[in-house]
Each structure stands twice: as structure tokens, then as C-alpha cells.
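Chemist: Take a look at the following structure, please.
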Amino acid sequence: MAYLGWRIADTSTGVPLWLWLPLVVAEVLGFVHFGFFVHRSWHTPRPSKAAPGSRRTVDVMVTTYNDPIDNIRATLIGCGGLTQAHTTWVLDDGNRSEVAALAAEHGAEYIGRPTTENARSGNVNHAMAQTDGELVLLLAPGDIPMPDLLDRSLGHFDHDDVAAVVIGTSEADGVSDHLGQRNQPDALELEVIAPSLDAVNAVPWNGGPALVRRTALTQVGGMAVGTLSTEYQTGLRLQAHGWQVRFHNQALAETLPVRNLQARLALRDRQARGVMQALRSSNSPLRASGLTATQRIAYLADSFAVMMSVQRLILISVAIAVMTTAELPFRGSVSSMVSLWVPWFLLGGATRWLLGRGRIEPAGLLRRDLRNMAVDVSALSALFARGPQRYRFAPKATVDTGGLRGLSQLRLLSSLFVVLDLALLYRVADVGFADAPAVEGRPFLAMLAASLWMLVSMLWTLHTAVTPRQRRLNYRRPVAIAATLRGAMIRVLDLVVDGIGFETGMPLRKGERATVRVNLPDATGAIHEVALAGTVIWAIQVGPGGTWRAGVQFDELRPIDRDRVVEFCSVTLPYSQLRNGGLRQAPLEPAA
């Protein structure tokens, strides 16, 4: 605050107001966002405990609209493994016969809808009128529940004021995201901010698997319609009516990641527009009478996060203006910069890192903000838009083509990068720039350094859009199990629903046929023999001992063999890791 006071009171003399004011506004936005972050991450999470609770009737609803069949299959296999009694319903807005057959194959009920009005919220509301379970577990295709999800979450509903429990999840692949690193923003939300807000009954329902009390949902008129963020506004309604929305701080479900850049931007667009829509809704956090102060701040923080892309846009624009006009946005002594700006920068970064419990890396968050900049700026129009907003589908089963297509997804960032690059080249090449009073001394050098840092960050973000790391439709599942090929033992290295990678002592050639026989355990520990036949699509010799590594792409597997592979990859492996604390910072405690 001392730094901001100095910037506002002492640095405006002799500089153009049109440059000084935007930079101050950007710094104030950053300070307010920092305050929201401190509030959201400050609280000590409640202990993660197994919560068996009393038995209740549960309807598991899997909502789908033209989702890939394999994603629906993985979710239904997970539902079939739930140890608590329940009824699984497939709610299909696509009215596909193959989805109805898949539901019947896995013992699930099927409800098709004659229209697709109000998307997922309309789908759920339509099914609510045809079911009667006391609780409803909402899942999307690709959300795979662990066998003891209900065992460990039902206890929350022994408290009569709990309306919904958002289930902690872990992403299925565990590899780097589209920015070439762990998905830190999502990890920060799931592992730090959501548990922190849950401690003060202020966690928003931001999507994902959730267990909901039917009577509470009925009281608020069902799932919110006419919005792009149905769960977010439904949770807002519930809390405004005095209900609690809880967060179960253990990963009890696995979800397929959204890795494709286009899909990520579509998902962010939907989230950002939905948050902006909430500000205009009848239950707006600005005026809803039933919200606590802590809940109100938590929702406003989500809205303000969209504004951070505006801040990035302002900062880049100021840098471009400084380099092209040789004007400075502030003046100040070196001693003031050292005594005020340096502590502000260092203490702010240290606070974020400490309250982020080590799960935050500033450069990663900066690149995330740059990637989302155009989407968030566009989403601000939802504050003023009338009528329904456009819906951008975010498919999960996709690959990245990269190249110019990747750049086309980030047109605003690409344009700003080119303009800032040209402005820097122009200023550095201008041999007479030292004669201009406005760019003399250390303030200009500070602006030059900041501009170079922004340029590098923009370049790295664009680079990862051009050269994607994911070209496979299914991510590899690293495993360490034995199998047999032509009667000889082999070591399986990775396994997915459409192929297997392994190490063998026999030479193999690309194009030849191979059948791998492997024993796969399910989540209960039972072993099932599976025959996986396919074609060798690559083979290389590694090491001097005659060891070969190869990959086999499967033919059309028998339904039972395909389901065993899906169950092993999507349920058995993550469930085993969860039991050993491998997917989240704390292992699951033994269930009662």
C-alpha cells in the first residue's frame, strides 16, 4: 500500500497522464487481485476424513451430448464399481441408439430427451422428474468415480444444511499440460483454494463431479438454466438460500483432462462468461441477501479474476506506447524504487508462494493469463449482453495440430507480440534515443527490462501453441506389469484402450501381427486374463543385449477385453495410487 501511495502521489509530475493513469489502474487491479488471493487461500482446510455416514438412496446421473463412446464407457465402468447401492442413469441429449445399448450393457438406465433445451441443466432437470433418489451424483463422460466415492462422501449429508458436496478429482494422465508444465492453476484451485474456502463455508461449485441433495435442488428450482455455468449459479442459489456447498478434500474421482488448446480456450470462455453472467443474475453476489460476507467475497474474487486479463492487456499496451513514443509513465528516484517497489515485488511473490503451499509458479500463471487474455476480455461483454450467450463445446478426446492453427487460436496475443517486438526494435535501433529527456536514466531501463520480460513470456506462450506436446488421442498410461507374447515373457511399459507399449527379447517388425496376453486386476483385486490382438506400428532395438521395444495398436477388441482394459486404466490404477497417496498430497484414510 505504501508503494501504491507513492505511485499515485509522487510519480505523476512531468509525465503524460494518458500513460501514467493506465499503469496506475493496472497496478491497483493487481493489488486488489492479490488481496482476493490472500482471502481465498488464507484459511486452514478442514481435516480430510473418511465420512461413511448413514445409507441413502442415490441416483448416479451421467449427462451426455454427442460425447465419445469411450468416455461414456469409462464413466459407466467406474459407476459399476461403486460399492454403495445406487442406480445409474445415462441422460442422453443426443438420443443415440449406441448410447442406449451401452447403458444396457453396463446395467444402467437410459433417458433420452426429445429436445436439447438448456443443455446440461435442462437434461438434469428433465431426469429429476423421472427419478426419486434422495441424493444425486452428477457426472460427465470422462469423470470416473472411485469405488468408495459414496462410502467416503455420504457422511457430509448427516448435516441437514449440506446441499451439495463437490468431489475432489485428479486428472487422468498426470503429464504436462498444453503449456508444457503441470497444470498449476487447476492444482492451485483444487488443492489450496477450494479446501481453504470450504473451511469457511464459501466454496463455489465450479463444476466437476458433485453429490447433491434432491430436496435442496428442488427448493431452488433445480439446476440453473439460461447460463453457461449452470453449476456455478446453482451453487450460488443454494448458498443464497442458506444451504452449504462443501468440498471433499480428497480425490475420489478421476477426470479426463482438457488438453487441446482450442478446447481449453472454449472451456475458459464458458467459465468466464458464466461468472460474468452471475453478476447480472437475480442471485448476483453483489446483491443476494442470503450470502455471508465471506461467500460474497469468494464469488467476487472469481469475477475479478477475469479482469486480470485486462490488466495484462493494459501493461502490454503501456510497454508498446513507451517504446514507440519515448515517453515514460512515471518518474521517481532510485531510492524510492529500491525502498518501495523492491519490497512490494519480493513480499508479494513470497506471500503468493507461501499461501499457495508451493503449488504456484508465477511464470506459469503469467503464461496462463496471456493465453486466456482474448477470451477473458471478450467475456466481459456478458455483463452487458442480452439474451443467451454462445456456447463453445470443449471436447476432451482431441489432439493438437499446432503450427499456424495454434497461432490462430491466440490472434490477439500474436498481434501484440509482433507490435511490441517492432516497438522494442525501433527504440533500441534509435541511436538518438539517449538525447530524449523522457527516456534517460534508470526508469527507462526498468521499463525496457519489463518489456523484454513480457516479450519473452509472450514468445514462450506462443511457442507452446505452435509446437504442441500431445499428438495422441489417448495419453499413455505408464505401468509395470508382466505379460506374454508368443509364449515368452514381456514387460508392459504403457497401456491405453487403443494400444500397448512393451519391452521384449525377440525382434519385431513394423506391420506384423501380435497378440499380447496379460492378467489385469480390477479395483477389488480380482485378476482377469485379457487377450489384446493388434498390429505392430513401431519397433526399435534398445541396448546391446537384443532388447526390443515395440508398440501395438489394437484391432477391434472383444467387448469384455476392452472393458477390462478401460477398468484397469481408469479405475484400478488411479484407485491404487489414491490408496497410496500418489494423486494428491494426502492419502485416503481407511474407511469405517
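One line per residue, one yes/no per condition, for (1) outside any helix (DSSP H, G or I); (2) of a type in the set (V, I, T); (3) modelled with pLDDT of 90 or more; (4) in contact with a Pro (Cβ under 6 Å, 6 or more places away or on another chain):
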residue: G5; (1), (2), (3), (4): no, no, yes, no
residue: G14; (1), (2), (3), (4): yes, no, no, no
residue: V25; (1), (2), (3), (4): no, yes, yes, no
residue: F34; (1), (2), (3), (4): no, no, yes, no
residue: V60; (1), (2), (3), (4): yes, yes, yes, no
residue: R73; (1), (2), (3), (4): no, no, yes, no
residue: G78; (1), (2), (3), (4): no, no, yes, yes
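Here is a yes/no grid of residues against (1) out of contact with any helix residue (DSSP H, G or I) (no Cβ under 9 Å at 6 or more places or on another chain); (2) at pLDDT 95 or above:
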{"site": "N118", "(1), (2)": "no, no"}
{"site": "S121", "(1), (2)": "no, no"}
{"site": "V136", "(1), (2)": "no, yes"}
{"site": "P141", "(1), (2)": "no, no"}
{"site": "P145", "(1), (2)": "no, no"}
{"site": "L149", "(1), (2)": "no, no"}
{"site": "H156", "(1), (2)": "yes, no"}
{"site": "H159", "(1), (2)": "yes, no"}
{"site": "I167", "(1), (2)": "no, no"}
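Chemist: Which is modelled with pLDDT under 85, within 29 Å of the chain's Cα centre (by Cα) and basic (K, R), of R442, R476?
Modeler: R476
Chemist: Residues that are open to solvent by less than 30 Å² (accessible area, probe 1.4 Å), among the hydrophobic types (A, V, I, L, M, F, W, C) and part of a helix (DSSP H, G or I): does the range 344-356 have at least one?
Modeler: yes
Chemist: Could you list, in sequence order, all residues of the range 357-380 that are farther than 24 Å from W460 by Cα and either part of a loop (DSSP other than H, G, I, E, B) or over 23 Å from the mean Cα position of the chain (by Cα) (or both)?
Modeler: Correct list: R357 only.
Chemist: Separate question: Looking only at the range 273-302, how many residues end up being at pLDDT 90 or above and polar (S, T, N, Q)?
Modeler: The qualifying residues number 3.
Chemist: Let me ask you something else. Hey, could you check the range 129-167 for residues that are within 16 Å of Y575 (Cβ to Cβ) and either without any contact (Cβ under 8 Å) to a residue 60 or more places away in the chain or acidic (D, E) (or both) and say which is most open to solvent (accessible area, probe 1.4 Å)?
Modeler: For the range 129-167, the residue satisfying everything is D151.
Chemist: Anything in the range 552-572 that is more than 17 Å from H106 (Cα to Cα) and open to solvent by 40 Å² or more (accessible area, probe 1.4 Å)? List them, or say none.
Modeler: Within the range 552-572, Q553, D555, E556 meet the criteria.
Chemist: Residue check, L404 against (1) modelled with pLDDT under 85; (2) over 22 Å from L315 (Cβ atoms); (3) open to solvent by less than 60 Å² (accessible area, probe 1.4 Å), all met but one. Which one?
Modeler: (3)
Chemist: Something else: In the range 491-548, what residues are in a strand (DSSP E or B), small (G, A, S) and out of contact with any helix residue (DSSP H, G or I) (no Cβ under 8 Å at 6 or more places or on another chain)?
Modeler: Hits for the range 491-548 are G499, G501, A514, A533, G534, A539.
Chemist: Looking at the structure I just gave you, is G432 at pLDDT below 90 and at positive phi?
Modeler: Answer is no for this residue.
The values are calculated or read from the model by the stated rules, or taken from the named source; none is laboratory data. What you are looking at is a predicted structure, and each value in this text was computed from that prediction instead of being measured. With ideal geometry, Cβ positions are generated from the backbone for all residues, glycine too; neighbour counts draw on all protein chains shown. We work out accessible area using only protein heavy atoms, side chains counted, and drop any ligands, DNA or RNA first. Shrake-Rupley method; radii C 1.70, N 1.55, O 1.52, S 1.80 Å.
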